[in-house]
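Take a look at the structure below.
The values are calculated or read from the model by the stated rules, or taken from the named source; none is laboratory data. Quick caveat: nothing in here was measured; it's all calculated off a predicted structure. All Cβ positions, glycine included, derive from the backbone under ideal geometry; neighbour counts span all protein chains shown. Please note that ligands, DNA and RNA were not included when accessible areas were found on the heavy atoms of the full protein model with its side chains. Shrake-Rupley method; radii C 1.70, N 1.55, O 1.52, S 1.80 Å.
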Amino acid sequence: MASEYSTADYIQHHLTNAKMCNTESGIAFNKACADAGFWTIHIDTMAWSIGLGILFLAIFRSVGKKATTGVPGKLQALVEIVVDFVDTNVKSTYHGKSSLIAPLALTIFVWVLLMNFMDLVPVDVLPRIAALIGEHAFGMDPHDVYIKSVPTTDLNLTAALAIGVFILMIGYAIKMKGITGFTKELTMQPFNHPAFIPANFILETVTLIARPFSLALRLFGNLYASELIFILIATVGLFQLPLHFAWAVFHLLVLPLQAFLFMTLTIVYLSLASQDH
Amino acid sequence: MNMNATLIGQLIAFTVFVLFCMKYVWPPLMAAIEERQKTIADGLEASKRGEKDLELAQAKATEQLREAKAQAAEIIEQAKRRATQLVDQETQRGNEEREKIISQGYAEIEAERNRVKEDLRKQVAVLAVTGASRILEREIDAQAQNDIVEKLVAEL
């Protein structure tokens with residue numbers, strides 16, 4: 001804990017992303033980016049998420065390349081359990097034929113799960129290491145080194161996932177039903193009468209738009225809250241040890257559940273998008 | 001929350017990850033899983049078939065054993081019957097042989113006895129004649145007295 005800083009500062013510090021932006025005086029970081037507006041990048045979110053994504057793909061790819069059809073090794077067995085679990089979920093929900101949905105669900109599930117599990121890394125470990133590196137390698141003020149290591153507590157990431165899924169939803173709807181079918185779905189339901197077209201359109205659009213919002217906000221909200229509580233627990237002194245333990249054990253349930261929910265809802269939404277009513 | 005260009009970066013990363021997963025991760029894993037599932041299904045079926053074969057073979061073996069036992073019992077029965085028959089036959093033959101030998105013996109004895117009788121008779125005739133001549137102390141004309149001797153001998 002940064003002793004010369006107040007608790008509020010401590011929490012604030014932990015919840016701030018490391019930023020990078022392009023200003024008039026060249027590439028700038030963190031506080032210098034306060035006015036950079038949209039064209040700022042959270043380098044911690046990017047680095048952790050891409051790193052974990054590559055970790056996931058590397059492991060699964062290497063297992064896939066070496067996959068034996070005989071007796072599998074332990075890692076292969078684990079990977080196959082995950083793949084089979086996702087495949088079962090996809091097959092029970094999405095009845096069409098698609099070579100995209102199952103890999104999409106697998107990517108979402110494992111990637112989000114890995115990013116969520118960053119939540120279980122003690123809240124001070126990575127910021128401290130980052131501060132030390134920043135201080136000694138780059139000569140920065142250690143309090144000016146920010147790192148938020150759980151990518152799913154960044155709304156940018158969850159929103160990016162949700163937007164990706166949303167684009168696929170629209171794409172599938174148009175591919176399966178055609179433009180007219182999709183338009184009809186938006187305008188002729190739930191009241192099948194020309195007079196109701198505006199009302200239908202408003203209702204259906206809200207339904208449609210609510211889906212990516214709920215996806216993005218559910219994951220972000222859960223993870224942000226849990227991370228916030230981890231940080232709060234870290235401020236209570238010695239009692240934090242049992243509290244941390246209890247909260248972490250609880251999150252062994254919550255973190256996979258959130259990853260699973262994101263995956264399942266993605267499948268359900270895509271399934272709804274490609275079904276005719 | 002401050003939304004910014006991270007969103008775009010993440011969207012690109014997400015797309016790339018999903019495409020990579022779809023192209024290079026999912027197909028080999030799924031292929032391996034499906035291949036193994038097929039192998040296991042085949043193996044299970046083969047084992048079921050093997051079990052059925054074994055059952056059939058066992059039933060056949062039991063049947064053959066039962067037949068063999070029945071045959072053996074029959075053969076033993078036959079042998080016993082044959083043995084009894086042989087014993088009976090041999091006993092009968094023995095008896096007949098014995099009867100024959102005995103009757104032969106009797107016949108021989110009879111013949112001997114007759115011969116001895118004849119002998120005796122002749123000797124008695126001689127004796128009688130000798131005795132008579134001694135008694136009479138004279139030579140009897142054997143020819144003349146022959147009829148008497150003959151009579152005597154016949155009486156013996």
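Roughly how large is the B-A contact in terms of buried accessible area, totalled over both chains, probe 1.4 Å, nearest 100 Å²? For B against A, buried area totals roughly 3600 Å². Burial of accessible area (probe 1.4 Å, heavy atoms of protein chains only) in the stretch B:7-29, relative to its chain alone, reaches at least 50 Å² for B:L7, B:Q10, B:L11, B:F14, B:F17, B:V18, B:C21, B:M22, B:V25, B:W26, B:L29.
For B:I135, the accessible surface of its heavy atoms amounts to roughly 140 Å² (probe 1.4 Å, protein chains only, rounded to the nearest 10). Just the Cα atoms of chain B, one point each, no solvent: what log10 I(q)/I(0) does Debye give at q = 0.13, 0.15, 0.16, 0.18 Å⁻¹? Cα-only, vacuum Debye calculation for chain B: -0.95, -1.03, -1.06, -1.13. Less than 5 angstrom separates the built amide H of A:T23 from those of A:A28, all sequence-distant by 5 or more or on a different chain. Report the Cα centroid-to-centroid distance between the stretch B:1-35 and the stretch A:160-175 in angstrom, as an integer. For the stretch B:1-35 versus the stretch A:160-175, the Cα centre distance is 14 Å.
If R0 is 22 Å, the Cβ-Cβ spacing of B:Q104 and B:T84 corresponds to a FRET efficiency of close to 0.15.
Once the Cα atoms are used to define both axes, helix A:125-138 deviates from the longest principal axis of chain A by about 60 degrees. Within chain B, the longest run free of GluC sites (Glu not before Pro) that sit in a DSSP loop with at most 12 other Cβ atoms within 10 Å is B:1-136.
If you count only protein heavy atoms and use a 1.4 Å probe, how large is the accessible surface of B:D88, to the nearest 10 Å²? The value for B:D88 is about 90 Å².
Charging the Cβ of each Asp and Glu at -1 and of each Lys and Arg at +1, and nothing else, the dipole of the protein assembly as shown about its Cα centre rounds to 1160 debye. Note on chain A: with neighbouring protein chains present and a 1.4 Å probe, carbon and sulfur make up 71 percent of its accessible heavy-atom surface.
Applying both filters, DSSP loop and at most 15 other Cβ atoms within 10 Å, to the GluC sites (Glu not before Pro) of the stretch A:1-85 gives A:E4, A:E24. Counted residue by residue at 0.36 nm each, then reduced by the alpha carbon distance between them, the extension gain from A:T183 to A:L203 reaches 5.9 nm. The residue among A:A162, A:V121, A:Y172 whose Cα reaches farthest toward the positive pole of the charge dipole of chain A, with charges on the beta-carbon of Lys, Arg, Asp and Glu, is A:Y172.
With distances taken between every two different alpha-carbon atoms, the stretch A:2-274 has a Kirkwood hydrodynamic radius of 21.3 Å. Report, to the nearest 10°, how far helix A:43-66 tilts away from the longest principal axis of the Cα atoms in chain A, using its own Cα long axis and a range of 0 to 90°. The two axes meet at around 60 degrees. Could you tell me how many degrees, from 0 to 90 and to the nearest 10, lie between the Cα long axis of helix A:101-117 and the main elongation axis, the longest principal axis, of the Cα atoms of chain A? Tilt of helix A:101-117: around 20 degrees.
For the residues of A:96-105, the average number of beta carbons from a partner chain within 10 Å of their own beta carbon is 4. Sequence-ordered 3J(HN,Hα) estimates for the stretch A:208-224 from the Karplus curve with 6.51, -1.76 and 1.60 and θ = phi - 60° stand at 5, 5, 5, 5, x, 4, 5, 4, 5, 6, 4, 5, 4, x, 4, 6, 5 Hz, glycine and proline given as x.
Inter-chain neighbour count for A:35-48: the average number of beta-carbon atoms from partner chains within 10 Å of each residue's beta-carbon is 3.
Since only A:A102, A:F245, A:P256 are under comparison, the one whose Cα sits farthest along the positive direction of the charge dipole of the stretch A:2-274, derived from C-beta charges on Lys, Arg, Asp and Glu, is A:A102.
For chain B, the membrane-span-like helices by this rule, meaning whole DSSP H stretches whose C-alpha atoms cover at least 15 Å of axis and whose Kyte-Doolittle mean is 1.6 or above, are B:6-20; this says nothing about an actual membrane.
The loop-placed chymotrypsin sites (Phe, Trp or Tyr not before Pro) in the stretch A:162-208, going by DSSP, that have at most 13 neighbouring Cβ atoms within 10 Å of their Cβ come out as A:F191. Distance between Cα centroids, the stretch A:48-125 to the stretch B:103-120: provide it in whole Å. Using only Cα atoms, the two centres lie 127 Å from each other.
Heavy atoms of the protein chains alone define the surface here; on that basis the stretch A:2-274 has 49 Å² accessible area per residue at 1.4 Å probe size. Summary value for the stretch A:1-107: 15 percent relative contact order, contacts being C-alpha pairs under 8 angstrom separated by 6+ residues. Considering the dipole of the stretch A:151-223 built from charges on the beta carbon (Lys and Arg +1, Asp and Glu -1) around the Cα centre, which of A:N200, A:P151, A:L217 is farthest to its positive end? It is A:N200, whose Cα lies furthest towards the positive end.
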